[in-house]
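Presented below is the structure to which this report refers.
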Amino acid sequence: MNKKAILEIVRAVERGATRREVIDRYGVPKATLSLWMQEHGSPAYLASIKPMSASDRRSMVRAIEAGRMTMAEAKVFYKLPSLTVVKGCLRQCEREKAELHRIATLMDKNEARSEAISSEDVKALKKALEEAELKIKALNTLIDIAEDQFKIAIRKKPGAKQS
């Protein structure tokens, strides 16, 4: 496509057309449209689409689950492009909770089977697990803060090619 057509497509998104509408109308692949938006988007548009931090995502999910905020309110408050993004955050949180529940269930089953292990050993293992979980949480928070403050991506992106 020529530069004029690309700029027309970018301006359509900036004026409020959804990416799905633009993709369907112009037959542009999603990745290409994202690249064009990054390369040709206006400074105001680019400033408006900063990614949501992990801590904001967790706060939003907790507020919705506690009933302090509706999904529509969260969309507006966190300046998200659609309710689909809010729902995606909720689904991701549910998957994480399900995984933690699965691990806890396995631990409970293992505890029931391992009565041969002394209660002191179990206490020591639980303490070590709690410390490891706390360390993981602290490291994730540290990475989130570093990514926000230094504007760099520290975590490996899914599907990144191996060198």
Check: Using a basic spin-label model with each label point 7 Å from the Cα along Cα→Cβ, how many nm lie between residue 103 and residue 143?
Finding: 1.3
Margin query: Using protein chains only and a probe of 1.4 angstrom, how many square angstrom of residue 155 are accessible, to the nearest 10?
Written below: 90
Check: Tell me, what is the 1.4 Å probe accessible area of residue 97, in Å² to the nearest 10?
Finding: 90
Check: Hey, rough spin-label estimate for residue 23 and residue 2, points 7 angstrom out along Cα→Cβ, what's it come to in nanometres?
Finding: 2.8
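Could you size up the charge dipole of the chain around its Cα centre, putting +1 on the beta carbon of Lys and Arg and -1 on that of Asp and Glu, and report it in debye to the nearest 20?
Working: 32 positive and 22 negative charges, 153 e Å.
The calculated dipole for the chain is roughly 740 debye.
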Notebook entry, point to check: Working out 0.36 nm times the residue gap between residue 65 and residue 125, then minus their Cα-Cα distance, what length gain in nm do you get to one decimal?
Noted result: 18.4 nm
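Using a 1.4 Å probe over the heavy atoms of the protein chains, calculate the carbon and sulfur portion of the accessible area of the chain as a whole percent.
59
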Item checked: lysines whose Cα lies under 25 Å from that of residue 156, excluding same-chain neighbours fewer than 8 positions away -> 30, 50, 87, 97, 135, 137
Next item on the list: May I ask for the Rg/Rh ratio of the chain, computed from Cα atoms with Rh as the Kirkwood radius, given to two decimals?
Entry: 1.11
Notebook entry, point to check: So, in nm, how far is label residue 56 from label residue 87 when the simple model puts each one 7 Å beyond its Cα toward the Cβ?
Noted result: 2.2
Check: What accessible surface, in Å², does a 1.4 Å probe find on residue 152, ignoring ligands, DNA and RNA and rounding to the nearest 10?
Finding: 90
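Please calculate how many Å² of accessible area the chain carries per residue, with a 1.4 Å probe and no DNA, RNA or ligand atoms counted. Provide the component values of the computation, followed by the final result.
Details: 12660 Å² over 163 residues.
It amounts to 78 Å² per residue over the chain.
The values are calculated or read from the model by the stated rules, or taken from the named source; none is laboratory data. Nothing here was measured: the structure is a model prediction, and the numbers come from that model. Counting neighbours? That spans all protein chains shown, and the Cβs are built from the backbone with ideal geometry, glycine included. Note: accessible area is taken over every heavy atom of the protein model, side chains too, but ligands, DNA and RNA are not part of it. Shrake-Rupley method; radii C 1.70, N 1.55, O 1.52, S 1.80 Å.
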